[in-house]
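The values are calculated or read from the model by the stated rules, or taken from the named source; none is laboratory data. Here the structure is a predicted model, which is why all the values come from computation and not from measurement. Cβ coordinates were reconstructed from backbone atoms using ideal geometry, including for glycine residues, and neighbour counts include every protein chain displayed.
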2 protein chains.
Amino acid sequence: MANDPANRTGAVLEIDLAGIAANWRLLRDKAAPAGCAAVVKADAYGLGAARVGVALAAAGCRRFFVATLDEAIALRAVLPDSCEIAVLNGPVRGSAEEFAEHRLVPVLNDPGQIAEWRELGIRRGAAGGPYSAMLQIDTGMARLGLTPREFDRFAENSPADGAIGWRALLSHLACADTADHPLNEAQRLRFATAHARRAGWPASLAASSGIFLGRSFHFDFVRPGAALYGVNPQPGTPNPMRQIVRLNARILQIREVDAGQPVGYGAAQVMAGAGRLATVAVGYADGWLRSSSHRGTGVIGGRCVPLVGRVSMDLAMFDVSGIDLDLARPGGFIELLNEAHGVDAAAAEAGTIGYEVLTALGRRHHRVYCDRC
Amino acid sequence: MANDPANRTGAVLEIDLAGIAANWRLLRDKAAPAGCAAVVKADAYGLGAARVGVALAAAGCRRFFVATLDEAIALRAVLPDSCEIAVLNGPVRGSAEEFAEHRLVPVLNDPGQIAEWRELGIRRGAAGGPYSAMLQIDTGMARLGLTPREFDRFAENSPADGAIGWRALLSHLACADTADHPLNEAQRLRFATAHARRAGWPASLAASSGIFLGRSFHFDFVRPGAALYGVNPQPGTPNPMRQIVRLNARILQIREVDAGQPVGYGAAQVMAGAGRLATVAVGYADGWLRSSSHRGTGVIGGRCVPLVGRVSMDLAMFDVSGIDLDLARPGGFIELLNEAHGVDAAAAEAGTIGYEVLTALGRRHHRVYCDRC
């Protein structure tokens, strides 16, 4: 089809929804008998929260986490009513009414948020249901959640007036991807101690990596995000998760170059010998981070090809010397992400983590959702 | 208004359209008597091509450059008919008909694209008009455009059959932001030599930085992009461009911390003394690059505050010790980009260039377009 966007766009991004569901089932089984939520914040780590959310709900997931109110409102419109949607960043001052209106569960992170949510519950004169909330406490990350002193005050003084239907006690691990980091056990102990003061509440500490720290980290439910999307939850060991994305970058032009030819901005890299370059239609404006300049790689015909020079805004160049001209041709593709060259590998080349490779994935890519299994 | 998104979103991004128009006029005057186009590719460097395009057309701009066919189709729908829209990446194989249908001008970068476009012109039996094209030649960047050998063949052999209405000869400088780089003059000479073989065509070599290399680089028209949006075209000298964006990150929580408290993922930074942290609702999923971990800064009440720890996906922490509690309060804002802390400053803190700071600007920000002058 001449008008099929897949035939004309600079890149095609394939997202394997069945693979995400399979990853969720693997994590669910790993965490059982604890429950298993799913984190679909940041537009499901860049992969499309509506499509991912629906696929995970079909797989049996009933508890979802997003970061913001707007993300939650969009997700509410597509998920079954039986699904709970919690908002990790909590309510910005003055937005409590909107949480209630859309049946969203705020994660309350500070005393002001708790007071505002309780006031709404009292004003509306009903307990539980739409006035549900989760409470987050900070156990060593200094990011979101009550400080130990604030939690002490809360545990001692908060009125048991039923104005808030507490759905969970949460905290988040800072170093879960480093299994032997001493902060993991310190955070677990602080969390367990706090939970003992609200023992009736479901408790959740572990995200993706935390699931692999053992049963004592699972509490009542776990809430994986990154691992659903292919990030290795235990760096340095074989990745148990499926790769979810394939990114194919269109070749716009093939060029014969001589030895000594400078390539790209700043003439920052020079061809050591004569060869052939492919210019592809993916650049840092597509989220292919500029920090992968000179050191990124792609795959064509099963062979690894190096990125040459600096990544441009809309373009990048790869050395395809020695690659069959039937493959390395205008209109063909270089694979930037695939099963063999996954998000963690691409991240290492860009000096970052797979999470950022995912959330940066560009808007100009033509997106194809597929079910590989 | 409780339902005003500006009151509930994690960040507000203000984009000064009058400032972009003012920047364009400054560059137009600098380049006169050469003409001045505008580059609005990558969604106008992340700022919204439709809004920016209309503002620039109102300021008098009549020639626009985008990177891709999809960008051009979207822009065609909002620009006056008198505006020409050229597509730098050229037609992907098989998409020539769509260029003609939407009255778009492809930049032809290789012999195959020239052949396909000519064939369309012959088949449709008309010259000029919708079969207009620009030709790009590579003069030392090895990115897009005919190689010197390919241009030789083109200049000697291409039929003067009128099937293509040539609108311009283009090339692009690799090192224009380094005024004394020898490649600038080498590229200029190669371009001038090539242009002598097609002297009747309008010629364009300079983008933002090239405009500041002097009149000999201006040829018939210039085509600034980055400088329109506030990037300094001459790094190391005072920036003649206005800052265009303000990014205000919402404070979600204020936290008292003790000396020795680890902050953020990996416990990679530890508080040297007791103090106060603000957690804001902007993270790398919002394009606030993770590479600014530990070294980014924000501004609150006119004072610079350091980013502490690693940037999270949806959050970042700033040290607001000593900042007035009326300012550093939940619901308040830390300015991540403003007139004093512009895109180049933020880029330096993230180890990249202002261009990438702009194109990474996130989708979750509430966007406000304003006319400051």
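A few points about this structure:
- In region B:15-35, residue nearest to B:Ala72 (Cα to Cα) [restricted to those that are outside any helix (DSSP H, G or I) and over 16 Å from the mean Cα position of the chain (by Cα)]: B:Gly35
- A:Asp324 among the acidic types (Asp, Glu), within 25 Å of B:Met313 (Cβ to Cβ) and surrounded by fewer than 24 Cβ atoms within 10 Å (Cβ to Cβ): no
- Scanning region A:317-347 for residues that are assigned to a loop (DSSP other than H, G, I, E, B) and within 11 Å of chain B (Cβ to nearest Cβ) gives A:Arg329, A:Pro330, A:Gly331, A:Gly332.
- Here A:Ala168 fits the description: in contact with a strand residue (DSSP E or B) (Cβ under 6 Å, 6 or more places away or on another chain), assigned by TED's automatic domain parsing to the domain that holds A:Glu116, part of a strand (DSSP E or B) and crowded, with 16+ Cβ neighbours inside 10 Å.
- A:Ala74 being in a helix (DSSP H, G or I), more than 26 Å from A:Ser158 (Cα to Cα), more than 14 Å from every other protein chain (Cβ to nearest Cβ) and not aromatic (Phe, Trp, Tyr): no
- Lone qualifier among A:Ala49, A:Ala31, A:Ala74, A:Ala22 - being over 20 Å from B:Gln253 (Cα atoms), out of contact with any Lys or Arg (no Cβ under 7 Å at 6 or more places or on another chain), surrounded by fewer than 22 Cβ atoms within 10 Å (Cβ to Cβ) and outside the structural domain of A:Ala285 (by TED's automatic domain parsing): A:Ala74
- Scan of region B:212-266 for residues that are touching a Ser or Thr at 6+ places or on another chain (Cβ under 9 Å), among the basic types (Lys, Arg) and within 30 Å of B:Pro5 (Cβ to Cβ), ordered by number: B:Arg250, B:Arg255
- Residue check, B:Glu356 over 17 Å from B:Val12 (Cβ atoms) and in a strand (DSSP E or B): no
- Considering only residues in region B:82-105 that are part of a loop (DSSP other than H, G, I, E, B), more than 14 Å from chain A (Cβ to nearest Cβ) and at pLDDT 95 or above, the one that is nearest to B:Cys36 (Cα to Cα) turns out to be B:Cys83.
- Under the condition of being facing chain A (nearest Cβ under 10 Å), of a type in the set (A, V, I, L, M, F, W, C) and more than 15 Å from B:Arg246 (Cβ to Cβ), the residues counted in region B:348-373 number 3.
- Picking from residues in region A:252-300 that are more than 7 Å from chain B (Cβ to nearest Cβ) and basic (Lys, Arg), the one that is nearest to B:Gly354 (Cα to Cα) is A:Arg295.
- Evaluated against (1) assigned to a loop (DSSP other than H, G, I, E, B); (2) farther than 22 Å from B:Cys36 by Cα, B:Leu120 falls short on exactly one condition, (1).
- Flag for A:Asp371 being among the acidic types (Asp, Glu) and within 24 Å of the chain's Cα centre (by Cα): yes
- Here B:Asp138 fulfils each of the conditions (1) touching a strand residue (DSSP E or B) at 6+ places or on another chain (Cβ under 8 Å); (2) away from every other protein chain (no Cβ under 14 Å); (3) of a type in the set (D, E, K, R) apart from (2).
- Residue match in region A:115-138 (condition: crowded, with 21+ Cβ neighbours inside 10 Å, farther than 22 Å from B:Leu315 by Cβ and of a type in the set (S, T, N, Q)): yes
- Of everything listed in (1) more than 12 Å from chain A (Cβ to nearest Cβ); (2) touching a Pro at 6+ places or on another chain (Cβ under 8 Å), the single unmet condition for B:Ile244 is (2).
- Candidates are the residues of region A:141-159 that are free of Cβ contacts under 8 Å to residues at least 24 places away in the same chain and within 14 Å of chain B (Cβ to nearest Cβ); the one that is nearest to A:Ala199 (Cα to Cα) is A:Asp152.
- Single residue of region A:187-210 satisfying the filter (outside any loop (DSSP other than H, G, I, E, B) and touching a Leu at 6+ places or on another chain (Cβ under 6 Å)) that is surrounded by the most Cβ atoms within 10 Å (Cβ to Cβ): A:Ser204
- Sole exception among (1) more than 16 Å from B:Thr359 (Cβ to Cβ); (2) of a type in the set (S, T, N, Q); (3) assigned by TED's automatic domain parsing to the domain that holds B:Gly214 for B:Thr68, by number: (1)
- Contacts under 7 angstrom Cβ, first residue in region B:197-216 being of a type in the set (Lys, Arg), partner surrounded by 20 or more Cβ atoms within 10 Å (Cβ to Cβ), 6 or more apart: B:Arg198/B:Leu169
- Taking strands (runs of 3 or more DSSP E) as the structural unit, those lying wholly within region A:229-316 and holding at least 1 residues that are under 29 Å from the mean Cα position of the chain (by Cα) and surrounded by fewer than 22 Cβ atoms within 10 Å (Cβ to Cβ) correspond to A:245-257, A:297-300, A:303-308.
- Across region A:56-71, the number of residues qualifying as away from every other protein chain (no Cβ under 11 Å), surrounded by 24 or more Cβ atoms within 10 Å (Cβ to Cβ) and aliphatic (A, V, I, L, M) comes to 1.
- Residues in region A:36-80 that are on the phi < 0 side of the Ramachandran plot and either at pLDDT below 95 or of a type in the set (Phe, Trp, Tyr) (or both): A:Phe64, A:Phe65.
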